[in-house]
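The values are calculated or read from the model by the stated rules, or taken from the named source; none is laboratory data. Since the model is a prediction, treat every value here as computed from it, not as a measurement. Because the Cβ atoms are built from the backbone with ideal geometry, glycine has one as well, and the counts that use them run over all protein chains shown.
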Amino acid sequence: MGATASQLGKDLLSEYQELTFLTKQEILLAHKRFTELLTREERDLNLNTRVPMARILTLPELKSNPFRKRICYVFSTSEQKDGSLTFEDFLDLLSAFSDSATLEIKSHYAFRIFDFDDDGTLDRGDLEKLVNCLTGETDDTQLTPDEMRQLINNILEESDIDKDGTVNLSEFQHVISRSPDFVSSFKIVL
Amino acid sequence: MTSYSNRGFFNPAYHDSETLEIDKRSSSKPHHANPYAGEDPYRNWGARTELTDQTPRYDAEQQRTAHRGGWQEESWRGGEGIPMGPVSTHQHDLHYSTFQIALDSQYDGSPSIPLPSSMSGNMTMRWRGLAMRRMFPNTDPAHVAFTEDAIRNQMENEEQDRVNELVAMSTRERIRAIRELPMSFEEKKHIRNQVQAFSRKPHHFTIFEGCSENVSLSMRRCGYSVRSTRQTLELWHGIMKEIGGKFGSSVLSYFVFLKWLLMFNIFSFLINFGFITIPLLVYNHTPNVPPNVNFRGLEILTGAGYFSYTVMYYGSYSNETLVGLVEYDMQLAYFFTIAVYMVLCGIALIFSMASSFKKNYTLADLASNSAWQLLCSWDFSVTNERAVKQRTNNLSVQLKESLSEKGQRELLTLSEKVMHFGVYLGSWLLSTGLAVGCGASIYYLCQYEQQRATDAASWSLLQEAETLLVPFVVSLVNLVIPLFYSLFNKFEHYSSQRRQIYALVLRNVILRMSILGVLCYYWMNVLPDNFSCWESMVGQSLYRLVIFDFFFLMLGSFFGEFLSNVIGTRLLPGLGVPEFDVARNVLELIYAQTLAWIGIYFSPLLPAIQILKFFILFYLKKVSLTQNCQPPRRSGRAAQMQTIFIFLLFFPFFVGALSMVAYTAWRLTPSEQCGPFRGLNNTFEVVGEWIDGLREIPGSEWAVWIYQHVIRSEIFYFLLTLFILVIIYIFWQVSQGRKELIVLLRQQIVNEGKDKNFLRDKLQNLQKSHPEKHPKQKKQKGLTKQRSDGHPSGGQSNSNAMVQALLARQQLEEEEEGRSIEGVPVPSDISTSSALIQAMMARQRAETHSEGLYQTPGEHVSSSSTAARQRVDGRERSTDEYGSSAIRTRVRAEAEDLDYLPASSIMMQAMDARQQAEEEERFQWVPAPPQNLAPSGSSALIQAMLARQQAQNEFDDGY
């Protein structure tokens, strides 16, 4: 398990291929990009080196994404919940965002990314944060509280099938399955 | 705990449980001091207790609060601080505080669990646990840890079930299934290892198995490498990414479509070149050009002259059987290559159309402006900072629009409606009239041209240049008329943007179809009578059309994009920078491709021109896009538009081209002087002759028979059609049935939601009505539980009951598995929701108990411990001071049967058991006969609840 792509072992590579939706090229590319994020000393360590979130977010693919921090938190297996990623976490991320990932995988991770307070369901607070994330932080683009309330009411009316005031995973997946643009847009390519 | 793990160690089924995984690992890595890894948790905790024995009870509480650094702890324990009643015995105190410490060390980021699998397992577990916990919003947060423990068990069970499912699958399916688990990499690896360990064991000694394993492994490797090569061959990866990053996926879809068409053309070029052209070139490589014809340069535009004697067109292919190493019948080769190509194209189109349709249409929502649609269509592939900002702006505008639209769904007056209708009618009439007019004028133009043209071997330069008139006019019409259509569109008021686009697309399609229809009619009916080698003439016309179409595409992107950019930025800033019109551009591509399909019979190498054209077009459009355009303002339904375009490509255009080629092959007489089919009445006769030839070869009677009785018989086609119709009808019925099922299921979800809310409200009301009686009672109950179970519990809350229900279930399954000798685990039938209901019941019961206690303080201890015991948990208790063991065993006995019953009846039984238990309590332990209620879903549940409540009231009244 060395630092360069050529040293990514054959067995390891086939394991990665088996467990993710990525092809060999993509995995090698991911490895290359990941090692570029490591400092010189870290490169000599094994693959389990964690790269802090701040450095992950320097990747141009994530830099301007409004959900970048959530993405890191969701895919991080770190105990400190600091959003740092190992190489395998990174592969997970790319696999979920790859072209060949299934709708189920994509919607599962989308749900977790949108679930800002990590309580397993999208409530009004989450939805509000989601809308604010998407409309930007500046005042002229943000919705007024009144509009926000109405929008969230619309959203819940549309998707909250069991009328418990929140959107749970299966309701969310139902919504996703009905918006066909999701699969093509939930995509990050290295 | 001890017996659990020991028994599990020898039971293969238990190698799946996470606890054991930790056990095994920690024995190999002794430095991990996992609190769960100890042989005897009791002893561990006991040892720690020595240190903290004297600490005040609230210490633990504080300690815990202080340790809140974690990720979840904050939200989980956010609302703590429920006052605890005074502790009755020292022993209880001891257990309480020890548990807290164990808990803290486990969950607050201490180094005791560095194992990746257990940690990531924790994460998913927490996440799931949170989902479960939400069902009890008011619960005491201090108790969460205990819930977590129960949920952990639950998770283990689920994992085990999953592993069992995976073991039963074939290797390929298993790999796919594991890959599709929504888990982190470590967890997937963990599960895969378990599954592999599990599935190899039974048959690792058979050689055959080993072989097949190896074969499948190498096959898989091979598959991966194929996938990889495909990726390497992926054209324009970087450019595509750049476009997607800047303009989003809807514009990208144009380029994807372009690339897809390019692939089609490369394929068709390869097979045409390989099977038709190369044999001819090998056999006779000098083009058969008359001496007075030479290359003049204009041929590149007109395709006439010198080109008409090369392999470019139909006319220069021979009808001979080429005799080289093998005999190669040119006629057959030509016919079958074209036929196979058309069929393959059709199949590819049908498949991609069907899959795209399935994905994007059947499930899709019809409400166009729903908020979710907008929120879900955020493009994660957009990476450009400015583009992101622009998108957020656009999205906010769109959201606001959707809100205002919803707010004031305008009601049109009659006169307005009539006016709108008039405008629609007018613009449709006008656009259809334009299309028909264009078709007619092109027909007359063609006739005029035909009158002037002569069937001469060589044309003068002027004559050759005159042939350019038709393609020029056609391309001009194609460029200009759509602009008029866009203009009409501005005057119409469509309720949604989608309908507007559809109207525009439909008009453009009508225009192009009418033009192509007229041209085809002219080629089929007029040309054969006037030219000796008419197929080549058609080929030339198509060549010219393709070339001119290309020029006009370039002009179009110059005028459409560059000029409007200049005007928008310099002259009239109000217009703004243009957007890339995906619909118009894709229609242009479709038109171009149709020309190539029609031309495949007349000019087999036309795909080569097409490849070149698309290749240049890609770069041209890319440059034009990045220089002149801005990202689209509306995030439209790119995926659905894509489906529409594939459908359009298939339906009028490909089917039109196919029927034209088929008509030519079946009905028209090939020209007599040139081409591979000279001398035949129609092209299809080639097959008949071939079959006649086959008759003489012995052993090929079957082919002749098939030809005679299948291909040429009407009955066969009649039966085939009938069969397909029947199948279509059956599938249609099935889909109708599914639709009904969907409606029913939806209704069921709504009902369950109502039930859930109803039950929750009832529970909350009950909770509110006896707030002051809880602490003491709960405390004692919890402590009893703690002592009996070995599972420590912190604060006492009602969520305890849920945990207990879960635990009870857990234990049941455990017992089940303990009994089964081979260790084949029995998957649980009880769904989470039934567990939830059980939990709610248990909780309510806890409350009613406390009520009872309040009224009969004398029996305090006795009934509280009964309450605890009825929850099926006692395992290592040796004594039954209060004589309630009868109940306990009965509940358990009943519960053991539960696994074999469907969930609803389990629910009923659980309730029955409780009801019974209550009755027994009421009658001073006189056993009552079990009641058999008919299990009928959730309404029965509510009835039973009410009945129980009534019973409870009576019970209270009795005191």
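Remarks
- Annotation: of all residues in segment A:113-165 being in contact (Cβ under 8 Å) with a residue 12 or more places away in the chain, of a type in the set (Val, Ile, Thr) and at the interface with chain B (Cβ under 9 Å from one of its Cβ atoms), the one that is nearest to A:PHE67 (Cα to Cα) is A:VAL131.
- The residues on offer are A:SER64, A:SER100, and the sole one that is hydroxyl-bearing (Ser, Thr, Tyr) and more than 8 Å from every other protein chain (Cβ to nearest Cβ) is A:SER100.
- Lone qualifier among B:THR626, B:THR721 - being surrounded by fewer than 20 Cβ atoms within 10 Å (Cβ to Cβ), at negative phi, assigned by the TED database to the domain that holds B:LEU504 and polar (S, T, N, Q): B:THR626
- Residues in segment B:536-573 that are farther than 30 Å from B:SER671 by Cβ, part of a helix (DSSP H, G or I) and of a type outside the set (A, V, I, L, M, F, W, C): B:GLY556, B:SER557, B:GLY560, B:GLU561, B:SER564, B:ASN565, B:GLY568, B:THR569, B:ARG570.
- Unmet requirement for B:GLU416, which otherwise passes all of (1) within 12 Å of another protein chain (Cβ to nearest Cβ); (2) modelled with pLDDT of 80 or more: (1)
Residues are listed down the side, and each one gets a yes or a no for (1) modelled with pLDDT under 85; (2) in the same structural domain as A:CYS133 (by the TED database); (3) closer than 19 Å to A:SER95 by Cβ:
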position: A:LEU19; (1), (2), (3): no, no, yes
position: A:LEU22; (1), (2), (3): no, no, yes
position: A:LYS32; (1), (2), (3): no, no, yes
position: A:ARG40; (1), (2), (3): yes, no, no
position: A:ASN46; (1), (2), (3): yes, no, no
position: A:THR49; (1), (2), (3): yes, no, no
position: A:ARG55; (1), (2), (3): no, no, no
position: A:LEU59; (1), (2), (3): no, no, yes
position: A:ASN65; (1), (2), (3): no, no, yes
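- The set of residues in segment B:287-332 that are free of Cβ contacts under 8 Å to residues at least 40 places away in the same chain and assigned to a loop (DSSP other than H, G, I, E, B) comprises B:PRO287, B:ASN288, B:VAL289, B:PRO291, B:ASN294, B:PHE295, B:GLY297, B:THR310, B:GLU320, B:LEU325, B:VAL326.
- Any chance B:LEU349 is at pLDDT 80 or above, under 24 Å from B:LEU649 (Cα atoms), buried (at least 16 other Cβ atoms within 10 Å of the Cβ) and more than 11 Å from chain A (Cβ to nearest Cβ): yes
- Among the residues of segment B:574-619, those identified as touching a residue at least 24 places away in the same chain (Cβ under 8 Å), in contact with a helix residue (DSSP H, G or I) (Cβ under 6 Å, 6 or more places away or on another chain) and not in a helix (DSSP H, G or I) are B:GLY576, B:VAL577, B:PRO578, B:PHE580, B:SER603, B:PRO604.
- Segment A:170-190 - residue that is assigned to a helix (DSSP H, G or I) and more than 7 Å from chain B (Cβ to nearest Cβ) and, of those, farthest from B:ASN751 (Cα to Cα): A:VAL183
- Residues within segment A:17-28 that are facing chain B (nearest Cβ under 8 Å) and not charged (D, E, K, R), tallied: 6
- Which numbered condition A:PRO52 misses (of (1) under 13 Å from the mean Cα position of the chain (by Cα); (2) without any contact (Cβ under 8 Å) to a residue 40 or more places away in the chain; (3) more than 8 Å from chain B (Cβ to nearest Cβ)): (1)
Here is a yes/no grid of residues against (1) in contact (Cβ under 8 Å) with a residue 24 or more places away in the chain; (2) within 30 Å of A:ILE161 (Cα to Cα):
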| residue | (1), (2) |
| --- | --- |
| B:THR669 | yes, no |
| B:GLU672 | yes, no |
| B:GLY675 | yes, no |
| B:THR683 | yes, no |
| B:GLU696 | no, no |
| B:GLN708 | no, no |
| B:PHE718 | no, no |
| B:PHE723 | no, no |
| B:ARG738 | no, yes |
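- Out of B:LEU479, B:LEU487, B:LEU483, B:LEU519, sole residue that is under 45 Å from the mean Cα position of the chain (by Cα) and surrounded by 21 or more Cβ atoms within 10 Å (Cβ to Cβ): B:LEU519
- Single condition B:TYR314 does not satisfy, out of (1) surrounded by fewer than 17 Cβ atoms within 10 Å (Cβ to Cβ); (2) at pLDDT 85 or above: (1)
- Filtered by the rule that a residue be surrounded by 13 or more Cβ atoms within 10 Å (Cβ to Cβ) and either assigned by the TED database to the domain that holds B:TYR521 or in a loop (DSSP other than H, G, I, E, B) (or both), segment B:680-693 gives B:LEU680, B:ASN682, B:THR683, B:PHE684.
- Within segment A:137-152, the set of residues being surrounded by fewer than 19 Cβ atoms within 10 Å (Cβ to Cβ) and either of a type in the set (Asp, Glu) or under 14 Å from B:LEU375 (Cβ atoms) (or both) comprises A:GLU137, A:ASP139, A:ASP140, A:ASP146, A:GLU147.
- Filtered by the rule that a residue be among the charged types (D, E, K, R) and under 21 Å from the mean Cα position of the chain (by Cα), segment A:8-23 gives a lone residue, A:GLU18.
- Some residue of segment B:730-748 being more than 30 Å from A:SER170 (Cβ to Cβ) and modelled with pLDDT of 90 or more: yes
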